[in-house]
1. Does anyone have the angle between helix A:63-79 and the longest principal axis of chain A? Alpha-carbon axes, 0 to 90°, nearest 10?
2. By how many degrees, between 0 and 90 and to the nearest 10, does the Cα long axis of helix A:666-681 differ from the longest principal axis of chain A?
3. Quick one: 3J(HN,Hα) in Hz for segment B:61-69, Karplus 6.51/-1.76/1.60 with θ = phi - 60°, rounded, Gly and Pro as x.
4. Amide H of A:R277 versus every other amide H placed in the peptide plane: which residues, excluding those fewer than 5 positions away on the same chain, fall under 5 Å?
5. Going through segment A:601-688, which trypsin sites (Lys or Arg not before Pro) have at most 16 other Cβ atoms within 10 Å and a DSSP loop state?
6. How much net charge surrounds A:L253 when only the other residues with a Cβ under 13 Å from the Cβ of A:L253 are counted, with Lys and Arg +1 and Asp and Glu -1?
7. Give the long-range amide H neighbours of A:N566: residues separated by 5 or more places, or on another chain, with amide H under 5 Å away, using H modelled in the peptide plane at 1.01 Å from N.
8. Inside 10 Å of the C-beta atoms of A:165-174, what's the mean count of C-beta atoms belonging to other chains?
Amino acid sequence: MAGRRDGGDRADAAVQPDPVGALTARWAAAVAGTSYVPLPPDEVAELLRGLLHRLLAAVDEPPLRQASVGKQVGAALVDAHFTNPQSLSQTLCVLLDGRPAAGAAGGRGEPSGGGEVLPDPAPPDRRWNALVATVAEGFSAALQERALCEQEEILAAAAAAREQASEALHVSQERFRAVFEGATIGIGIGDLEGRILDVNPALMRLLGHPIEEFRRRSVQEFMHPADVEHVWRLYGELIRGERDHFRLEKQFLKSDGESVWTDLTVSLLRDGDGRPRYQLALIHDVTTLRHLRRQLEFEAQHDALTGLPNRRTFLAHLDAVFGQASPGARAGLCYLDLDGFKAVNDTLGHEVGDQLLVAVAQRLVSVVRDRGLSVARLGGDEFVVLVPGTSDSGQLVALAEEVLAAVAQPVQLGGRRVEITASVGVVERSIADIDPAELLRAADMTLYWAKADGRSQWALFEPERNAREITRYRLSSALPAALAGEDLRVHYQPLRRLADGRLHGVEALVRWEHPRMGLLGPGSFVGLAEESGMIVPLGRHVLRAACRQAFSWFGAGRSGPFVSVNLATRQLRDEHLVDDVRIALADSGLHPQQLQLEITESAVIGTDPLTGHTLDALAGMGVRLAIDDFGTGYSNLAYLRRLPLAELKLDGSFLRGLRSVDAADPVDVQLVGSIVSLAHLLGLTVTAEGVETQAQVTILRELDCDAGQGTYLGRPADPADLGRLLDPV
Amino acid sequence: MHRPSWVPAEVDLSRPSAARVYDYYLGGSHNLEVDRRMAREAISLWPDLPAIMQANRAFLRRAVRYLAGRGITQFLDIGSGIPTVGNVHEAAQQAHPGARVVYVDSDPVAVAHSRAILGGDEQTAVVHADLREAETVLEDPAVRATLDLDQPIAVLVVAVLHFVSEEDDPFGAVARIRDRLAPGSHLVLSHASDEGRPDAAASHRELYSRTPTPMTMRSRDEIARFFDGFELVDPGLVWLPLWRPDASDAAQHPERTTGFAGVGRRG
Ligand SMILES: C[S@@+](CC[C@H](N)C(=O)[O-])C[C@H]1O[C@@H](n2cnc3c(N)ncnc32)[C@H](O)[C@@H]1O
């Protein structure tokens, strides 16, 4: 509300003169900005107006009273934070201009201030000036007083802050002391010369020395005979300030001469400028921990039931033997398991089974211990003895025999006599030729051979047999993928009539184009396929391919060449065979009489009723049935009569004696001749297999044999060679 | 870096303190010869300083009155210094007799002084803590006993953030405080800037490097980042005297105050 007034306000002022208000305004304007702590303008005006009124009221009072009011007004300015010397000088300037003409008292004002101030300052207003002087006096006194108070306050605050800080420091020191004293971990502090300055009670208890003993000794005197050099190298680095801490496990000698294992951490303490000053050691007893750790390690490495090293330990041991072997060194394994252990478990219960394993383990240990060897349990009823540094397999075979004998001794278990035998696979190899995993696999494989030989047997590893089996295994497992992909091919070999050389038929022969092993004949994988059951889909595949191929060559017709497809025994037992054949014919369009199925003698000997039905059904459809490789089996002629056959394929072995016309073996000639006549008697055609020479052709023709098959008459070939196949020889 | 809070602070009276120097600028005698020596040197280099400090203090008062007028009754004054006059609690309690105020400062002497002055006032508390450890401030038992953080409060960081250098992450500290604030809370901030007087600022900064709280001047844009997550109330971030001046406050050359002030609201 109170703003600076200037001449422009004069008219208003003349109408309604307010000399006090005007002076207040001038005063406020004069001190504005001199307060260090700015107050809102309205508050300032309010204050000054009040002060002015008090002055006006006091100006005519007796001097003492007047002085007291003046001082109060000066002090009030200070209280309101007009503490700047300027505040006072401005105040004096304004007030000394003259007293406003308000109330009973007259006053002096500046001429330009307006009509409210008496125009002529005739006698100087001594009373007023004296009053204003007391204001200055009061101001100065209050200011000084205030400064002293504030100084006192700030010093008190500083003292209080210091006290607080030192209390906090004290508390934190006490806290540290309490931690130090009460810690269960041993703590020691030393200087960089290795003098021990302080240790806590836990460390005294740990090593059994009183504090004086520690203080007498240096850190270096805590060396333990078992310390590795490393420990003190780290210590040296720490002391030289090259590292800030290290931690390791170290033994200390206790006062009673015993050793204690500890976990030791030593840290370097630096001062504020980073210079190394002290060393701090934290030490705690890990003797029981180590014990426990060793026990856990033992448990991790040993089989809980028998206490023998477990598989993990054995493998580590095996790796170590291989890793440390000198070139040319050899090693061997006896790998054994119990024969029929599952039956023991099943009939006598697991408890007895476990007891038996423990008993066997003990016997094995007693056999190998004298040789300085150890036996490990790999799991279940499998045990293995590793023999490093062997010279030949004889040593291992002897060991295997001893092991078998030891196991075969009857065991007395809870009043019961239990007899058990084991089988042993023995491998003995040069370490350079094999790796640990291969050695173990070989032993496992050999054990399998031993088992196949019957109970209580050992078998010795044979690399060739192993290689064969590995190949077989690989082929057998790759077969499904080959069948699904394009790797199985069907090739065809011609069967030619001997009379005129024309085509009698073609035999479908499956081939496996193996990505790594090249083109494989049926001999290398059909047997595997039979074992695994893959033969059924494989046979179906060949059958369909052959029918389609034959149709594309021969078209459909009752007579003319046929395609001959081999049937495995297992296929013959497959209930879907007849349907498969029907579908293959239907899909290809081939006439049943253009299809011949070759079966082996062994497949039909002692035929079960189902096979008989199958053969009847196939023959009933019009499909030709042929006996393959005739003469290699029992050659029981009786069955030839019983079966609905169309052809006999004479095994190639009969033709060996017929290689040359002049030197033909008369017995063989006679034999073949008889078979051909017999076959013809039964209404069967005969195809001789394995025809390799013209002489054979000549002789066979003379013997009235219908057809021949063999390298001389045409090798098996890709169907793309169709043209040449159909040509007569 | 600053000392972790569990290490007791040392009281080193041989170095000037920002709080006491500030008191001297404001005409107070809560200061020691070291403080006055430094303040006199600063003023000789930069005669405007007392006026700047007054402008700052005036802004503080106007901002508190403004917020009190908007119903804010809880104030957290961080970097409160040595209460000279026109303190936050006086201004706030003038508007709301029940208003509660917590003063926080990292200067142990300022804290001790505040405690002496405020005595047993139930509605105020004084906490010795560091703005850089925002969590410590917010979790302080006295803060929790005095203020209800689930209700709107005003956080005052007036003339203090320029004492926190980048490496101590002042923006992070303010953001962590912000995240703890209830909607309707406010941030009151003033900050020294070298935008108004680039010539004088450098030597000034130099002087403050002698105190335990050296200065970091920031540009207006940088200062505005403290208000991330707040909505600036009118007139925004402006030179100190220009923030809602009282009717008669004449402001010539407001840029000479070299400080920006603003109030933000958390929605
Ligand atoms: C210039 S004063 C401001 C006082 C008051 N806020 C005002 O504007 O009137 C700055 C204060 O901040 C304090 N301070 C500086 N750095 C701080 C920090 N990191 N935490 C808390 N207070 C701090 C100083 O001790 C000093 O008291």
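No lab work stands behind these numbers, since they all come straight from the coordinates. Every value quoted in this text rests on a predicted model; they were computed, and no experiment measured them. Glycine also receives a Cβ, built like all others from the backbone with ideal geometry; neighbour counts cover every protein chain displayed.
1. 10 degrees
2. Its long axis makes an angle of about 80 degrees.
3. Calculated HN-Hα couplings, in order: 5, 5, 5, 5, 5, 4, 5, 4, x Hz.
4. Placed amide hydrogens put A:L269, A:R270, A:D271 under 5 Å from A:R277.
5. Those satisfying the criteria are A:R659.
6. -2
7. Under 5 Å from the amide H of A:N566 lie the amide H atoms of A:A508, A:E598, each far enough along the sequence or on another chain.
8. The shielding value for this peptide is 3.
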